[in-house]
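The values are calculated or read from the model by the stated rules, or taken from the named source; none is laboratory data. Computed from a predicted structure; not experimentally measured. Note: ideal-geometry Cβ built from the backbone for every residue, glycine included; neighbour counts use all protein chains shown. These accessible areas exclude ligands, DNA and RNA; they are computed on the full protein's heavy atoms, side chains included. Shrake-Rupley method; radii C 1.70, N 1.55, O 1.52, S 1.80 Å.
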Amino acid sequence: MSRYNARTVEPKWQAAWEEAGIFTAAPDAAREKYYVLEMFPYPSGRIHMGHVRNYTMGDVVARYKSSRGFNVLHPMGWDAFGMPAENAAMEKNVHPGTWTYQNIEDMKTQMKPLGFSLDWTREFATCDPEYYGQQQALFLDMLEAGLVYRKNAVVNWDPVDMTVLANEQVENGRGWRSGALVERKELTQWFFRISDMSQELLDAIDGLTDWPEKVRLMQRNWIGRSQGLQFRFALHGAPDGIDELEVYTTRPDTLFGASFAAISPDHPLARRLEQDNADLAAFNSECRRTGTSEEDLEKAEKKGFDTGLTVTHPFDADWTLPVYVANFILMDYGTGAIFGCPAHDQRDLDFARKYGLDVTPVVAPADALAATFEIGAEAYTDPGHLINSKFLDGMSIEEAKAEVIRRIEAEGVGEGVTKYRLRDWGVSRQRYWGCPIPIVHCPDCGIVPEKKENLPVELPQDVNFSQPGNPLDRHPTWRDVACPACGGAARRETDTMDTFVDSSWYFARFTAPRANTPTDAEAAAYWMNVDQYIGGVEHAILHLLYSRFFARAMAKTGHLPDSAIEPFNALFTQGMVTHETYSTPHPDGGERVVWHTPDEVLRSESGATLRDGGGAVTVGPTIKMSKSKKNVVDPEDIIDQYGADTARWFVMSDSPPERDVEWTASGAEAAWRHLQRVWRLASEVAEAGGADATDADLERATARAIHDVTEGIESFAFNKAVAKLYEFTNLLAKSKAPAGARRVALRTMAQLMMPMTPHLAEEVWTLLGGEGLVSAAPWPKADPALLVEDQLTLPIQVNGKRRAEISVARDADKAAVEAQALADPAVQRVLDGAVPKKVIVVPGRIVNLVV
RNA sequence: GCCCGCUUGGUGAAAUUGGUAGACACAAGGGACUUAAAAUCCCUCGACCUUCGGUCAUGCCGGUUCGAGUCCGGCAGCGGGCACCA
């Protein structure tokens with residue numbers, strides 16, 4: 001018997017699909033549309049198992065929905081701007097565009113053989129001028145709509161390379177290339193007013209019922225709505241007649257437990273004071289050496305500097321508190337100034353212990369006495385009643401908060417306010433390989449938007465990366481431009497946009513990828529929203545939140561219908577493909593290391609060595625496959641050896657899609673064996689010939705398989721769908737039914753396997769006399785009558801432990817089940833004459849006898 | 001540090017969402033076929049014990065319940081995110 005040859009079969013069917021054009025999407029008012037989208041990839045040049053898993057999931061959904069009769073849109077593109085291209089330019093002396101487009105070609109070559117049902121006619125890369133030109137148009141419309149503004153913000157500055165560093169380029173406070181201590185530098189940058197939409201973005205999360213609950217929770221926490229009190233302390237000893245310090249607190253109830261006030265090193269007052277105080281200036285610059293990331297700030301040792309200034313307690317004119325500059329106060333949150341209540345905030349407590357400040361508890365748990373309640377090493381943050389707080393004593397925390405806000409407002413020194421942790425989105429990047437910000441700086445007119453007819457503002461090709469910094473800045477002519485307003489000599493903005501902007505509207509562009517406006521109203525109205533979005537959980541916050549903002553901004557500027565402000569109806573966050581990491585010490589010494597790919601490493605039970613040279617390799621933790629840690633596996637080997645269907649079947653089996661999966665080579669072989677087995681079964685049946693026939697057992701099994709596989713796919717439990725198909729195959733292999741009946745069952749199996757293994761499914765379908773393409777055949781339906789079992793097996797428990805099983809009719813009543821259970825010999829042996837005190841019969845489930 | 005997850009046999013996992021823990025696979029062991037190998041097929045496979053029976057088992061400790069992998073509280077380990085990686 002001939003073997004299934006994926007190498008010849010797969011290209012044959014891919015050509016057939018292409019010829020039939022079944023994946024090319026076109027609006028069709030008569031059919032219900034379904035838009036399935038996987039997060040588009042960064043063109044690193046190689047696909048990895050994470051891509052295969054992600055795109056196979058989307059493909060299963062797309063093919064399944066298509067066979068359910070939906071008009072499916074399933075596009076693909078490239079998130080093509082970003083730093084790796086500039087890094088490659090520096091390391092290999094190749095233009096970022098050349099590198100990126102070559103990578104796209106390479107990845108497409110690797111992806112095509114997987115047989116995804118993608119509409120490649122809609123493909124684009126975000127670095128195509130046709131795409132980023134429309135993005136510039138969006139930027140200008142958003143600027144006009146008041147959604148864009150400029151303000152100062154800090155960046156990581158490498159003083160040796162004279163360049164801005166991304167957070168990931170800062171290692172232990174030093175630049176990754178130069179090793180120089182990183183400084184914070186303030187630049188004027190462009191921002192999107194996402195924080196104006198905080199409440200709306202928060203409220204709308206309630207409506208995202210088909211998003212994972214954990215993602216909704218993360219977004220809510222990220223937006224971070226808090227209700228608190230903002231008020232002004234009377235300030236003493238400050239220069240320039242500054243006599244107030246405005247602070248924000250979410251715990252106004254603890255005001256009588258305050259023992260200090262603290263301001264951020266970046267607070268205007270701190271900046272003013274350091275002019276006359278060298279020690280404070282030194283302290284502040286020390287603080288500014290920490291990275292700009294929140295993680296760095298939070299992890300840094302809590303430090304403070306006593307300014308010598310004091311503030312007066314708002315409820316006691318005789319009570320003053322010292323004012324510190326403290327490194328853990330964030331200038332971006334609240335007012336950049338707080339009062340510290342050490343008894344009820346862990347950071348404040350650590351700080352107070354370090355600097356010998358008072359710790360007075362003002363909230364005590366219900367069972368504690370005011371006189372004896374003390375704070376030890378841990379702050380008390382649970383509910384309780386107020387103590388040591390004059391007119392607040394005895395109140396609950398909520399009552400006390402309201403009362404303090406009422407009195408502060410009555411005194412006119414502050415008010416209750418709602419604040420959000422969400423900050424405006426800074427989009428300026430001092431880099432070449434990004435979408436140019438379409439702005440002109442004119443000495444006479446100031447900031448002038450580029451004219452729409454001059455878009456796209458294209459990146460110049462003649463750039464070099466021999467020097468660090470932004471090549472746009474030092475380009476001899478690109479910056480020179482006539483002012484769009486007055487026509488005089490002016491200069492282009494040389495900052496480009498954050499790559500998150502590119503990915504915040506690509507899903508909308510896919511609905512009309514060649515339109516000469518950002519979107520086409522008719523196409524957007526038909527195709528939006530994305531019905532099913534699939535991607536990594538690592539994008540749970542930023543990408544998804546920015547996209548939600550952008551959809552709103554596009555609706556406000558007329559580029560999307562109002563119905564599309566929540567662009568993703570359903571979200572599935574797939575788990576990551578993980579792998580061990582391998583590193584060796586960096587030749588320059590120090591703490592830096594060199595990362596190695598798995599195929600550079602010889603792994604054994606005891607450890608790992610380098611293949612060439614045999615040096616010892618440190619085996620690191622199993623983490624998400626990433627280019628920077630080089631722990632990536634190339635799926636091409638599997639595809640070359642076994643074919644696409646095996647790779648697709650393999651990544652869909654075993655691990656539930658939402659869970660991380662650690663890559664192991666074993667199993668691909670097994671997947672391949674299984675597909676061979678299905679092929680063999682089909683071949684046998686085909687050779688046996690004869691007319692189609694029926695068989696009661698096979699009909700029941702087929703109905704069960706249709707039901708279970710459908711449910712598996714609908715609920716994203718692809719691993720369970722695969723397990724059911726294994727079961728169905730085992731049953732068919734053992735079946736003694738006539739060949740004609742097995743042929744009917746196998747045709748249905750081909751349909752059920754089609755979303756996962758479309759090439760094999762087509763081959764089997766054709767072999768067994770199926771009409772046309774199985775990819776275009778309607779999804780099979782299970783006869784409900786065949787799904788009902790007449791007899792059920794019920795477990796019998798005695799005191800919650802399983803002791804026996806009985807078989808009962810499906811519709812047996814409780815009394816009959818109870819009688820049958822009590823009559824069971826094994827049950828009688830366990831009961832040993834005892835009479836059950838209670839009998840619990842859960843129909844169709846279980847019987848529990850309590851003695 | 002803060003926010004969010006995850007943890008079940010040697011391995012990946014399943015368990016109708018509070019009702020028989022381990023479906024379906026991988027690996028391993030045994031057998032059939034074969035001169036042999038490959039391929040294929042069959043059997044065994046959580047641990048322990050006195051083995052047609054029983055005890056213990058879902059990261060650890062406690063709780064709720066007739067009944068807990070599932071719910072609640074605490075702890076540990078691992079992972080994701082933390083606003084300039086994408």
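For the reader, a short list of remarks on this structure follows.
- Under 25 Å of direct C-alpha separation, and excluding same-chain neighbours fewer than eight residues apart, A:Lys781 reaches these lysines: A:Lys33, A:Lys65, A:Lys720, A:Lys724, A:Lys734, A:Lys736.
- Order of exposure, largest accessible area first, which applies to A:Thr372, A:Thr766 with probe 1.4 Å: A:Thr372, A:Thr766
- Magnitude of the charge dipole, chain A, Cβ model with Lys/Arg +1 and Asp/Glu -1, debye to 20: 1860
- Rounded to the nearest 10 degrees, the inclination of helix A:814-823 to the longest alpha-carbon principal axis of chain A is 70 degrees.
- Residue-level accessible surface for A:Glu123, protein heavy atoms, 1.4 Å, Å²: 40
- In chain A, the DSSP-assigned H stretches of four residues or longer account for a calculated mean residue ellipticity at 222 nm of -10500 deg cm²/dmol, using -39500 (n - 2.57) per stretch and the full residue count as denominator.
- Probe 1.4 Å - accessible area at A:Glu538, Å² to nearest ten: 90
- With each label modelled as a point 7 angstrom along the Cα→C-beta vector, the A:Asn516-A:Ala693 pair spans 6.7 nm.
- Cβ crowding within 10 Å averaged over residues, with A:33-39, A:145-151 ranked highest first: A:33-39, A:145-151
- Solvent exposure of chain A as accessible area per residue, Å², 1.4 Å probe: 44
- Paramagnetic reach from A:Leu330 in region A:421-442 [backbone N under 14 Å; point 7 Å along Cα→Cβ]: A:421-426
- Of A:Ser264, A:Thr496, A:Ala508, farthest towards positive along the dipole that unit charges on Lys, Arg, Asp, Glu beta carbons give chain A: A:Ala508
- Sulfur and carbon atoms: percent of accessible area, region A:206-277 [1.4 Å]: 46
- Spin-label model, A:Asn221 to A:Ala776: label points 7 Å out along the Cα-to-beta-carbon direction sit 5.0 nm apart.
- A protection proxy built from the mean count of other Cβ atoms within 10 Å ranks the segments A:244-250, A:293-299, A:133-139, A:511-517, most packed first, as A:133-139, A:244-250, A:511-517, A:293-299.
- 9 Å beta-carbon shell around A:Pro484, net charge (K/R +1, D/E -1): 0
- Taking all protein chains as shown and a probe of 1.4 angstrom, A:Asp332 keeps an accessible surface of around 100 Å².
- The radius of gyration of the Cα set in region A:441-578, together with its Dmax, comes out at 19.0, 56 angstrom.
- On Cα atoms only, tilt of A:213-223 relative to the major axis of chain A in degrees: 10
- Point-to-point label distance, A:Asp790-A:Gln199, nm (Cα→Cβ direction, 7 Å offset): 6.5
- The angle separating the long axis of helix A:49-67 from the principal Cα axis of greatest extent in chain A is about 60 degrees.
- Semi-axis lengths, Å, chain A, gyration tensor of Cα atoms, sqrt of 5 times eigenvalues: 56, 41, 27
- Placing a label point 7 Å from the Cα of A:Gln828 along the Cα-to-Cβ line, the residues of region A:768-798 whose backbone N sits under 20 Å from it are A:794-798.
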